[in-house]
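Visitor: Just passing along the structure, written as structure tokens.
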Amino acid sequence: MTTAPAIRLSTLTKSFGSVHAVDGVNLDVAPGEFFSMLGPSGSGKTTVLRLIAGFEKPTSGTIELFGDDVTAKAPFDRDVNTVFQDYALFPHMNVRDNVAYGLRVRGMGKKERNERADAALETVRLAGLGDRKPSQLSGGQRQRVALARATVVQPKVLLLDEPLGALDLKLREQMQVELKEIQRSLGITFIFVTHDQEEALTLSDRIAVFSEGRIVQLGTPREIYEAPSNSFVADFVGTANVFTGDIARAVVGKAGAFSIRPERMDVKSGAKAGANSASGSVVETIYVGSNTRVVVDLDAGQRVNVIVSNDENPNADKLRGQKVVVTWSATDVVTLSA
Ligand code: ADP
Ligand code: MG
């Protein structure tokens, strides 16, 4: 048994001219982990994936796969496979031949590779559709063909670059569940890139939050969401209310930077502000089914979002224009580093 990480990045750096796309990234990913890289567009996520896959050469730093330094190796000498957002299926080939393609280039005979392709199609619940062309499938089905094609060669690591980005919301949620099941049943390491915080929180064992080519926080979904290390993470992951400077002193009652999640706050009309509360006026209410988002301009001079359960507060959507007190408990105030 090896105890080496599936992936180890050591001070990995990639510059394009003056752009530092990846800036000194250190990271260990454990075998079998569902690991996500989350960050806004341009934060360097795709470049990290391309470096791991071998499509780009790092400016400096090293990449190890299961203890083997692959930094100088060609893509086909690395035990990884990639699923891209646009799937990149061959339109003239049927689904089975698309899935079997990687086996064919490895010299596997037709009978065996067709059997393996059909088995891979079964794992993504596309059994029986092998004879169709990609154009005869829905978006979600094409996405699953791309997954089958990437997993049929049994890579130890699968890199997925925003693979659900082209799907509509409903299909995306459905595919998220399937991705997780596929990853569990195959037991391979997934490196999943997304700019969608909810997707990362739902799927991952751990998340690295990227900003400007660097990892700004690394942790479990719960750690990232409930204890963001700085205001960038607090704001990017779940639109927290962040308080700094004079407003922090007025609202939270002490100096520093703090965040409070919208769903950890409540609004009360006809109450007086005391500890762990602040007065303000409701500028907008947005009904979103099970919840209402209440936007409040605090008298201290900051706008906050409060998410109120419609079960507990059925009149929340009628608060617009009213004076209210926003409340929270002291334990929901997260101290940020900056
Ligand atoms: P993400 O996937 O997080 O959106 P990328 O890794 O694609 O980010 O890009 C990170 C930064 O590197 C961006 O500023 C992007 O413009 C730049 N970049 C990426 N690839 C190239 C390239 N081939 N040439 C020049 N700049 C690039
Ligand atoms: Mg990208």
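The values are calculated or read from the model by the stated rules, or taken from the named source; none is laboratory data. From a predicted model like this one, the values you see are computed outputs, not experimental measurements. Cβ: placed from backbone, ideal geometry, glycine included. Neighbour counts: every protein chain shown. Side chains included, ligands, DNA and RNA excluded: accessible areas come from the protein's heavy atoms. Shrake-Rupley method; radii C 1.70, N 1.55, O 1.52, S 1.80 Å.
Visitor: With segment 256-311 as the region, which strands (runs of 3 or more DSSP E) entirely inside it contain at least 2 residues that are out of contact with any strand residue (DSSP E or B) (no Cβ under 7 Å at 6 or more places or on another chain) and surrounded by fewer than 15 Cβ atoms within 10 Å (Cβ to Cβ)?
Guide: By residue number, 277-288.
Visitor: Taking segment 1-29 on its own, how many of its residues are loosely packed, with under 15 Cβ neighbours inside 10 Å, β-branched (Val, Ile, Thr) and out of contact with any Phe, Trp or Tyr (no Cβ under 9 Å at 6 or more places or on another chain)?
Guide: 3
Visitor: Follow-up question, since we're still on this one. So which of Phe90, Phe76 ends up being of a type in the set (Phe, Trp, Tyr) and part of a loop (DSSP other than H, G, I, E, B)? Before the answer, list the steps.
Guide: Details: Phe76 fails: part of a loop (DSSP other than H, G, I, E, B).
Residue meeting the stated conditions: Phe90.
Visitor: Scanning segment 186-211 for residues that are assigned to a loop (DSSP other than H, G, I, E, B) and in contact with a strand residue (DSSP E or B) (Cβ under 6 Å, 6 or more places away or on another chain), which turns out nearest to ligand 2 (Cβ to nearest atom)? Step through it out loud before you land on a result.
Guide: As a first pass, look at segment 186-211 and keep what is assigned to a loop (DSSP other than H, G, I, E, B): 187-188, 195-196, 204-205.
Restricting the remaining residues to those that are in contact with a strand residue (DSSP E or B) (Cβ under 6 Å, 6 or more places away or on another chain) gives 188, 204-205.
Numbers: Ile188: 22, Ser204: 17, Asp205: 21 Å.
Within segment 186-211, the match that is nearest to ligand 2 (Cβ to nearest atom) is Ser204.
Visitor: Also, I was wondering about something else. Under 6 Å between Cβ atoms, which residue pairs at least 6 apart in sequence (or on different chains) link something in segment 320-333 that is open to solvent by 80 Å² or more (accessible area, probe 1.4 Å) with a partner that is assigned to a strand (DSSP E or B) and of a type outside the set (Gly, Ala, Ser)?
Guide: Within 6 Å, the pairs are Arg320/Val282; Arg320/Thr285.
Visitor: Oh, and also: With respect to Ala88, determine if the residue is surrounded by fewer than 18 Cβ atoms within 10 Å (Cβ to Cβ), among the hydrophobic types (A, V, I, L, M, F, W, C), within 16 Å of ligand 2 (Cβ to nearest atom) and modelled with pLDDT under 95. Even if it seems obvious, please write down each step before you answer.
Guide: Values: surrounded by fewer than 18 Cβ atoms within 10 Å (Cβ to Cβ): yes; among the hydrophobic types (A, V, I, L, M, F, W, C): yes; within 16 Å of ligand 2 (Cβ to nearest atom): yes; modelled with pLDDT under 95: yes.
Yes, satisfied.
Visitor: Something else now. Looking at (1) open to solvent by less than 20 Å² (accessible area, probe 1.4 Å); (2) touching an Asp or Glu at 6+ places or on another chain (Cβ under 8 Å); (3) within 16 Å of ligand 2 (Cβ to nearest atom), find the lone condition where Ala166 falls short.
Guide: Every listed condition holds for Ala166 apart from (1).
Visitor: Further, regarding this structure: From the residues in segment 225-240 that are more than 13 Å from Thr335 (Cα to Cα) and not aromatic (Phe, Trp, Tyr), which one is nearest to the chain's Cα centre (by Cα)?
Guide: Checked segment 225-240; the qualifying residue nearest to the chain's Cα centre (by Cα) is Val237.
Visitor: Out of segment 178-234, which residues are within 16 Å of ligand 1 (Cβ to nearest atom) and basic (Lys, Arg)?
Guide: Answer for segment 178-234, where residues must be within 16 Å of ligand 1 (Cβ to nearest atom) and basic (Lys, Arg): just Arg214.
Visitor: While we're here: In the list Arg132, Arg125, Arg116, which residue meets the criterion of being open to solvent by 70 Å² or more (accessible area, probe 1.4 Å) and either among the aliphatic types (A, V, I, L, M) or assigned to a helix (DSSP H, G or I) (or both)? Quick ask: steps written out before the conclusion?
Guide: Working: Arg132 fails: either among the aliphatic types (A, V, I, L, M) or assigned to a helix (DSSP H, G or I) (or both); Arg125 fails: either among the aliphatic types (A, V, I, L, M) or assigned to a helix (DSSP H, G or I) (or both).
Checking each option against the conditions leaves just Arg116.
Visitor: Among the residues that make up segment 33-46, is at least one of them in a helix (DSSP H, G or I) and crowded, with 19+ Cβ neighbours inside 10 Å?
Guide: Applying the first criterion (in a helix (DSSP H, G or I)) to segment 33-46 yields 45-46.
Still in the list and also crowded, with 19+ Cβ neighbours inside 10 Å: 45-46.
So far as segment 33-46 goes, yes, one or more of its residues are in a helix (DSSP H, G or I) and crowded, with 19+ Cβ neighbours inside 10 Å.
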